[in-house]
Amino acid sequence: MKKVTAIVISFLRPGYTKACIRSLRKTYPKIRIIVGENGKKDIGLAQVCNEVKARYVMLPFDSGVCVGRNKLLELVKTKYVLVGDDDFFYTEKAGVDKMKKFLDKHGEYDLVGGRVTVGGVLQNYQGYTKKVDRHFESTPIDPETIKYQTDDIRYCQADLTFNYFVARTEKIRPTPWDEKIKVAYEHYSWFYDFKCAGGKVAFSPNPVVIHKPEHVNPEYAGDYASFRNRKSDRARFFQKYDIDYSIDMRGHISYSPLYTRKKEINMRATKYVDFCITTFKRPKALRRLLISIARHFPMANVYVADQNEKLDRVFYKKMRRELEKIGLSKRLFIIDLPYDCGLAHARNYLVLNTPNKYKLILDDDMAFTEETDIGKMVTLLDQHPKCGIVGGMVKQLGHEIHFEFSLEIIGNTIMHTPDGQPTRDFEGISYRKTGCVLNFAMMRKDMFGYIQWDRNLKVTEHTDFYLQMKKVPMYILYTPDVVVNHPPVEKDEQYSEYKALRQRKEFMVKMLKKYKVTRVKYLNGQVTELMPDGALKRYKELPIQ
C-alpha cells in the first residue's frame, strides 16, 4: 500500500475526519494520507493527523471540495490515489488493497470504484451516463443482475461510481475537478468530464466502505448543511453543460434554476395560447418541432392537424411518451383530418376548434430555440386590442428570412411593396405595422369571425389570406424579437411525394384567377406570371423600391 495516497477533504465535521483517518491507518498501515482542511484549523484534527502520520494541509476557507482535491492531487507522489469523503470509515471490507491490486493487473482501466453502506444498508450509485439533447440521463448498474468478470474481485465497465475509488494518479491529473463547483454536483461533473476525456472506469461491488458511521460524533463546527446545499453549485452545473435537467441513478429529476424560472414565465405566457401545427408527410420534422416546444414551453397546449393517408398511431404514442419524459405537462392533441385536405382546411379546423384566445400558427418544419420568446407576442396582442396578428422572425441556417411587406393589386399584378412603417418599442419589444408576415404568427381567435383560409387553396394559401386581411378591421404587427428556426428537413421515403404535392401549380393558378390578375411580383423583383396557355412562367424584373 506504499504506492497509494489517500486524499481527504475535511470541512466543518472534524469528528468524522478524525475517525476516517484513524480507520485508514489502522486498516492500511502503509498507506499515505493527506488531509486538506477546508474549514478553520482544528487543533484536535491536527493532533490526530500528527498521531497517524497524515499530512495536514490548510486550504482557503470554503474553497470547496474541488479546489481541495486538485490541490491535494498536486501533492500526491504515488502511482495510485484513493479518493474518498471525510465521513467514510474503513474496515477490511473496504478493499482498498484489492482495488489497488486490480489496477496493477488491469492496465485497460484508469480507476475502480466500490460501494458504501449507510446504517448497515448497502447503497448503489454506479452506472452509465450520457447527454441527450439538453439533459443528462443516468442508467444504473444493478449489482445483482449485471454480468461481472472476476479476478479476485468482481468487476464491470461503468461511467460513474461513488466518490470512493482508487485511480492511477497520472491518468486523472489531466481531468481536474471543476473549481467553480464547491460541493453539490462535483461528483457527477467530474466523472462525466473524465468520461469525455477518454477515462476508463471499472465498478466492483466487493469493496465497501462505511458512510457516516453511527458510532462517530461528527463534531459539527459550523452550519455544514447550508454550505452543502448552496444553490450556486446547482446553477453552475446546469450552465456548464447547457442542460435543462438531469435524471440521476434513482430516476430523480433535477431542473436547472434558469429552466425553472423560464417554466414559470412560460406557464403564464402559454396559458391562453394554442400551438396550432399542420403536418403532412414530414414526421421527422414534426418530431423535431414537438421536442423543441416541450423543451422551451413545457406548459404548452399543442394541437397537431394531421392530413396523411392514415394516422400513424404508433408514432404519436411514442411521441407522447417522449414529450412527457422531456417535460411537456399537457397531453399532445392529434386531429385526424381527411387525406390531403390542404393547409387552409387544416388551419381553419385548428383555429376554430381549439379553446384559447390566441393561436400560434406553425409549420411542421420549424424548431424553437432560446430566441423563441412567444411571451412577447402575447404582450403585444394584450397591449393592442385591435391587432389581429403578430408575426415573428424566421431564421434559416443562421440567416434572417424577411417576408413582411404590404400587398397591393395594381393592374394585373399582386404587388409586394415595402410597408414603410416606423419601428416602435413597448417594454423592450421592437415592433412595427405591416401587411404580411410568415407562417410563424400569433393570431387572435376573435379575428376568425371575419376571415378564414380559402379551403379551395390546398397550397398557395398564404398570399390569399393576407389579401383578405386588408378587409378585416384589425391590423398586423411584426416583431424581430421573437425568432423561430427553420432548419433543413431530413429527406426520407415520403419527402419526394410531399415535395410533388407541395409544388402543385394548380393552386397558384386558382389564386390568380380568384383576384382576376395574371402576375405576382415579389420585393426582390421575382415574378410569377400566368400565361395564356395556362402555364406559369417565372422571371426577374427590377426589385420593388
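Every number here is computed from the coordinates shown, using simple stated rules; none is lab data. Owing to the predicted nature of the structure, the values given are computational and were not obtained by experimental measurement. As a convention, Cβ positions derive from the backbone with ideal geometry for all residues, glycine included, and neighbour counts pool all protein chains shown.
Computed from the Cβ-Cβ distance with R0 of 51 Å, the FRET efficiency linking R455 to D425 stands at 0.85. The modelled label-to-label distance between E144 and L311, using points 7 Å beyond Cα along the C-beta direction, is 4.2 nm.
Computed from the C-beta positions of K271 and I544, the FRET efficiency with R₀ = 51 Å rounds to 0.80.
How large is the helix-only mean residue ellipticity at 222 nm for the chain, computed as the sum of -39500 (n - 2.57) over DSSP H runs with n ≥ 4, divided by its residue count, in deg cm²/dmol to the nearest 500? Spell out each step's value before the answer.
Working: 16 runs with 161 residues, N = 545.
After summing the helix terms and dividing by residue count, I get -8500 deg cm²/dmol.
In this Cβ point-charge picture (+1 for Lys and Arg, -1 for Asp and Glu), the range 4-229 has a dipole of about 640 debye about its Cα centre. Compute the acute angle (0 to 90°) between the alpha-carbon long axis of helix 96-105 and the principal axis of greatest extent of the alpha-carbon atoms of the chain; round to the nearest 10°. Approximately 70 degrees, to the nearest ten.
Relative protection proxy for 439-451, 515-527, from highest mean packing down: 439-451, 515-527 (other beta-carbon atoms within 10 angstrom). Against the chain, whose longest principal axis is taken from its Cα atoms, helix 231-241 shows a tilt of about 60°. Cut-off 16 Å, label point 7 angstrom out along Cα-to-Cβ of I253: give me the residues of the range 317-347 whose amide nitrogen falls inside. Within reach of a label on I253, which here means backbone N under 16 Å from a point 7 Å along Cα→Cβ, the range 317-347 contributes 319-332.
Tell me the net charge near K357. Cut-off is 12 Å between Cβ atoms, K357 excluded, with +1 for each Lys or Arg and -1 for each Asp or Glu. Could you put the intermediate results ahead of the total?
Working: positive: K271, K359, R444, K445; negative: D274, D382, D446.
Taking every Cβ under 12 Å from that of K357, the sum is +1.
Cross-link partners for K499 among the aspartates and glutamates, with Cα-Cα distance under 17 Å and sequence neighbours closer than 8 places in the same chain left out: D306, E309, D340, D363, D364, D365, E461, E490. A cut-off under 9 angstrom between Cβ atoms defines the neighbours of G525, and their net charge, with Lys, Arg +1 and Asp, Glu -1, is +1.
Run the Debye formula on the Cα coordinates of the chain, all scatterers equal and no solvent, and tell me log10 I(q)/I(0) at q = 0.05, 0.06, 0.12 1/Å. Once normalised to I(0) and log-transformed, intensities are -0.34, -0.46, -1.04.
How about the range 80-153: which trypsin sites (Lys or Arg not before Pro) there lie in a loop by DSSP and see at most 12 other Cβ atoms within 10 Å? Don't jump to the answer; show the numbers that get you there.
Values: sites: K93, K98, K100, K101, K105, R115, K130, K131, R134, K147; in loops: R134, K147.
Sparse-neighbourhood loop trypsin sites (Lys or Arg not before Pro): K147.
Kindly rank 163-169, 72-78, 364-370 from highest to lowest mean number of other beta carbons found within 10 Å of each residue. Provide the component values of the computation, followed by the final result.
Working: 163-169: 21.1, 72-78: 15.3, 364-370: 18.4.
Packing order, densest peptide first, comes out as 163-169, 364-370, 72-78.
In this structure, the pairs whose alpha-carbon distance is over 30 Å, taken from K180/K318; K445/K510; K2/K200; K40/K231; K26/K79, are K180/K318. As a calculated quantity, the FRET efficiency between D151 and N50 at R0 = 45 Å, using C-beta atoms, amounts to about 0.70.
Charged neighbours of T17, selected by a Cβ distance under 10 Å, balance to -3 (K, R count +1; D, E count -1).
Extension gain for the segment A235 to E137, taken as residue separation times 0.36 nm less the Cα-Cα distance, is 33.5 nm to one decimal. Given their separation in residues at 0.36 nm each and the Cα-Cα distance between them, R173 and D340 gain 54.0 nm when the chain is fully extended.
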